[in-house]
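Below is the structure I would like to discuss, written out as structure tokens.
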Amino acid sequence: LADSVQLRAKLPCAALVSQTGYEYSVATATVVPAARGVPEFCRIIGLIQPEIQFEVTLPSVWNGRLYMIGNGGYAGEQLDAPGRIAATRAAITRGFATAQTNTGHDAAVEPLATFAVSRQKFLDYAFRAVHVTALTAKRLAGVHYGVAPRRSYFNGCSTGGRQGLIAAQRFPDDFDG
């Protein structure tokens, strides 16, 4: 983390709920204290219309970069699933702000591809959720740190790999790698 900086927050974590607007709602923004090797961070949970759940984490010591975690299978994962928590915590430990999404549906309620009967949910899953989550994460990081991420990365395999390829084709400015 040699290039990491401890920035004075331009907008404190709890105040990020004020960023709610037409595009998205910030439901909670809470400081998570440092524990078990994971530094302190701000955890933001929200909703992008109509049903895209997202999580953004903003570490207190930030390396200036955003790391977005892709989905698996038909997506719809809970944001606090153990594997997703582990990936988020590993990135926070390295100073990354992180973002993730459920892609606009809940797999427990709509298993496999049953969500696809809704055109909006299908489009959110297909490409929209990753794009709007990336934009929202960048906006929240910029408001909190006073500067937007200088680099953004996407990591995924299986469905996450598809998400990365679609993002590169449709929205080439969303990620640097």
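In square angstrom, what is the accessible area per residue of the range 3-159 with a 1.4 angstrom probe?
On a per-residue basis, 47 Å².
Determine the principal axes of the Cα atoms in the range 72-177, then give the extent along each, sorted from largest to smallest and rounded to whole angstroms.
Between the extreme Cα coordinates on each principal axis of the range 72-177 lie 41, 30, 23 Å.
At a probe size of 1.4 Å, how large is the accessible area of Leu112, to the nearest 10 Å²?
Taking all protein chains as shown, Leu112 has close to 120 Å².
Here's another thing I want to ask about it. Over the alpha-carbon set of the chain, work out the extent along each principal axis and list the three values in angstrom, largest first.
That works out to 46, 32, 30 Å along the principal axes.
Separate question: For a label point 7 angstrom out from the Cα of Asp176 toward its Cβ, which stretches of the range 52-75 have the backbone nitrogen within less than 16 Å?
62-68
Helix 129-145 sits at what angle to the longest principal axis of the chain, using alpha carbons and giving 0 to 90 degrees rounded to 10?
Computed tilt is about 10 degrees.
Taking trypsin sites (Lys or Arg not before Pro) as exposed when DSSP calls them loop (any state but H, G, I, E, B) and at most 15 other Cβ atoms lie within 10 Å, what is the longest stretch of the chain free of them, the sites themselves excluded?
Values: sites that count: Arg8, Lys10, Arg36, Arg94, Arg150.
My reading of the result: 37-93 is the longest stretch.
Considering the Cα positions of the range 137-177, please state its Rg to one decimal place and its Dmax as a whole number of Å.
11.7, 35
Can you give the accessible area of Asp106, probe radius 1.4 Å, in Å² rounded to 10?
In the full protein context, Asp106 sits at about 50 Å².
Related question: Working with all protein chains in place, sort Thr159, Thr30 by solvent-accessible area computed with a 1.4 Å probe, largest first.
Details: Thr159 15, Thr30 70 Å².
In descending accessible area the options line up as Thr30, Thr159.
Any chance you could give the angle, 0 to 90 degrees and rounded to 10, that helix 82-93 forms with the longest Cα principal axis of the chain?
Its long axis makes an angle of about 30 degrees.
Per residue, what volume in Å³ does the Cα convex hull of the range 113-169 take up?
Values: hull volume 5.0 nm³, N = 57.
In the range 113-169, the Cα hull volume divided by residue count equals 88 Å³.
While we're looking at this one, here's another question. Tally up the carbon and sulfur contribution to the accessible surface of the range 1-98 as a whole percent, 1.4 Å probe, everything protein left in place. It would help to have the intermediate numbers written out before the result.
Values: 2760 of 4810 Å².
Its accessible area is 58 percent carbon and sulfur atoms.
Using only Cα atoms, find the angle between the long axis of helix 159-170 and the longest principal axis of the chain, and express it within 0 to 90 degrees, rounded to the nearest 10.
On a 0 to 90 degree scale, this one is about 80.
Ratio of alpha-carbon Rg to the 2.2 N^0.38 Å globular estimate for the range 55-109, to two decimals, please. If you can, show how the numbers build up before the last one.
Details: Rg = 11.7 Å, N = 55, 2.2 N^0.38 = 10.1 Å.
Compactness ratio reported: 1.16.
The values are calculated or read from the model by the stated rules, or taken from the named source; none is laboratory data. Treat the numbers as computed from the prediction; the structure is a model and nothing was measured. Glycine also receives a Cβ, built like all others from the backbone with ideal geometry; neighbour counts cover every protein chain displayed. These area figures cover heavy atoms from the full protein model, side chains too; ligands, DNA and RNA do not enter into them. Shrake-Rupley method; radii C 1.70, N 1.55, O 1.52, S 1.80 Å.
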